[in-house]
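Asker: After the structure tokens below, expect a handful of questions from me.
The values are calculated or read from the model by the stated rules, or taken from the named source; none is laboratory data. None of the values given here were measured: they were computed from a predicted structure. Heads up, the Cβs are rebuilt from the backbone with ideal geometry, glycines too, and the neighbour counts pull from every protein chain shown. Note: areas computed on protein heavy atoms with side chains; ligands, DNA, RNA excluded. Shrake-Rupley method; radii C 1.70, N 1.55, O 1.52, S 1.80 Å.
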Amino acid sequence: MAGNSQRRNRRTSNKKGATVGSGGKRRRGLEGKGPTPPASARKGHVKNRLANAKAKQAARRPVARRGGKGSSEMVVGRNPVFEALRDGVPATTLYIQQFIDNDERVREAIQLATGRGNINIMEAPRPELDRMTNGLNHQGLVLQVPPYEYAHPEDLAAAAFDDGEDPLIVALDGVTDPRNLGAVVRSVAAFGGHGVVVPERRAAGMTAGAWKTSAGTAARTPVARATNLTRALEAYQKAGITVVGLAADGEVEVGELDALDGPVVIVVGSEGKGLSRLVGETCDFRVRIPMPGGAESLNAGVAAGVVLYEAARRRG
């Protein structure tokens, strides 16, 4: 009996008991790991490699850049509002003073705005129009002009190259009169150019005055705005475009410049000061327009038109 008892005790002592403090690891180990992820998310799978390659391609794809927006503008007065509407200046709202004397100009302005179909026509009391225009003599008519959507300087060259054409671009340096900008836009459109570049600071922008002077051509000729004009010109040079600056003391006459046959940016300075020093030093050529009549200088619109004509003649 004693021997049997000892054998039973030995079997009991050798029996393995439960492990204390497992923390439920065994139970969790038996649990499922959730639904199987799609093939594109499983590392090493061919669909996962394809998805990663597409993501990298998208990251390398160039992002379209814009030159930013201008500020909104108010055109005030019966004649200015009528002329802006007649000349195709973009507008969002025509404000008309309540109980206004309905003369011919007012009727014509309302008729033009109504004919466009995308201009809101709203009545407002005189104090409200006074507040909107900061007390200007609005004569009961105020036209809201939306901010202009500028292109990026690189957009102009890219569009020309995409069409299989050599870029023909005008850049303005220190031109502050919007009417000169409008005249340049008109000349660029007339001679088959691809757009105009203006600096972001201390330069004319696409205001209602510029739109009017462009005689509607601003609707089809892009204007780009450069944060730094010198750097924009250098970027054009890296793209294989010749930068030509107009200067009264230029080394080459415009009729002798063979570079006008190919991709070119024509830089026009202000009537009084001409090209700024940094811009002048960046130009590949500085050219002059011969003036037998003895005039000291031409305004930006006329100067740009002369060189654009020469470039168009050579290309034609």
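Asker: Counting pairs of Cα atoms in the range 148-232, how many percent are more than 17 Å apart? Mind dumping the intermediate values first?
Answerer: Working: 1435 of 3570 pairs.
Above the 17 Å cut-off, the range 148-232 has 40 percent of its Cα pairs.
Asker: Loop-only check: which GluC sites (Glu not before Pro) in the range 208-316 are DSSP coil with at most 11 other Cβ within 10 angstrom?
Answerer: Glu251, Glu296
Asker: Would you check the accessible area of Lys212, probe 1.4 Å, heavy atoms only, in square angstrom rounded to 10?
Answerer: Accessible area, nearest 10 Å²: 70 Å².
Asker: Please check which bits of the range 165-206 a label hung off Asp261 would reach, taking the label as a point 7 Å along Cα-to-C-beta and the cut-off as backbone N under 16 Å.
Answerer: Once the point is set 7 Å along Cα→Cβ of Asp261, 166-167 turn out to lie under 16 Å by backbone N, inside the range 165-206.
Asker: Along each principal axis of its Cα atoms, how long is the range 214-293 end to end? Whole angstroms, biggest number first, please.
Answerer: 36, 33, 28
Asker: Tell me the carbon and sulfur percent of the accessible area for the range 73-156, rounded to whole percent, probe radius 1.4 Å.
Answerer: Working: 2050 of 4360 Å².
Summing carbon and sulfur atoms, their accessible area is 47 percent of the total for the range 73-156.
Asker: How long are the three semi-axes of the equivalent ellipsoid for the range 168-316, computed from the Cα gyration tensor as the root of 5 times each eigenvalue, in whole Å, largest first?
Answerer: Details: eigenvalues 81, 57, 52 Å².
Square roots of five times the eigenvalues give 20, 17, 16 Å.
Asker: Report the Cα-based extents of the range 88-161 along its three principal axes, largest first, to the nearest Å.
Answerer: 55, 28, 16
Asker: Using the Cα centre as the reference, give the magnitude of the dipole from point charges on the C-beta atoms of the range 231-316 (Lys, Arg: +1; Asp, Glu: -1; all else neutral), rounded to the nearest 20 debye. Don't jump to the answer; show the numbers that get you there.
Answerer: Working: 9 positive and 12 negative charges, 59 e Å.
Computed about the Cα centre, the dipole is about 280 debye.
Asker: Then there is this: Take the solvent-accessible surface of the protein heavy atoms, probe 1.4 Å, and return the percent of it on the range 171-316 that carbon and sulfur atoms account for.
Answerer: Values: 3190 of 6630 Å².
That fraction is 48 percent.
Asker: Follow-up. Among the aspartates and glutamates, which have Cα under 13 Å from the Cα of Lys69 when same-chain residues fewer than 8 positions away are ignored?
Answerer: Glu149, Glu200
Asker: Only bridges with both residues in the range 198-316 count here: give the DSSP antiparallel percent, nearest 5.
Answerer: Working: 1 of 12 bridges.
Counting DSSP beta bridges with both partners in the range 198-316, the antiparallel share is about 10 percent.
Asker: Still on this structure, please answer the following. What residues qualify as long-range amide H neighbours of Ala224, i.e. H under 5 Å apart, gap of 5 or more or another chain, H built at 1.01 Å from N?
Answerer: Result for Ala224 returns Ala151, Val196, Val197, Val198.
Asker: Provide the solvent-accessible area of Met206, counting protein heavy atoms only and rolling a 1.4 Å probe, rounded to the nearest 10 Å².
Answerer: Around 20 Å² of this residue is reachable by solvent.
Asker: Residue-wise, which Karplus ³J(HN,Hα) couplings in Hz belong to the range 246-261, taking 6.51 cos²θ - 1.76 cosθ + 1.60, θ = phi - 60°, and x for glycine or proline?
Answerer: Values per residue, Gly and Pro as x: 8, 8, 4, 9, x, 6, 10, 6, 4, x, 9, 8, 5, 4, 5, 5 Hz.
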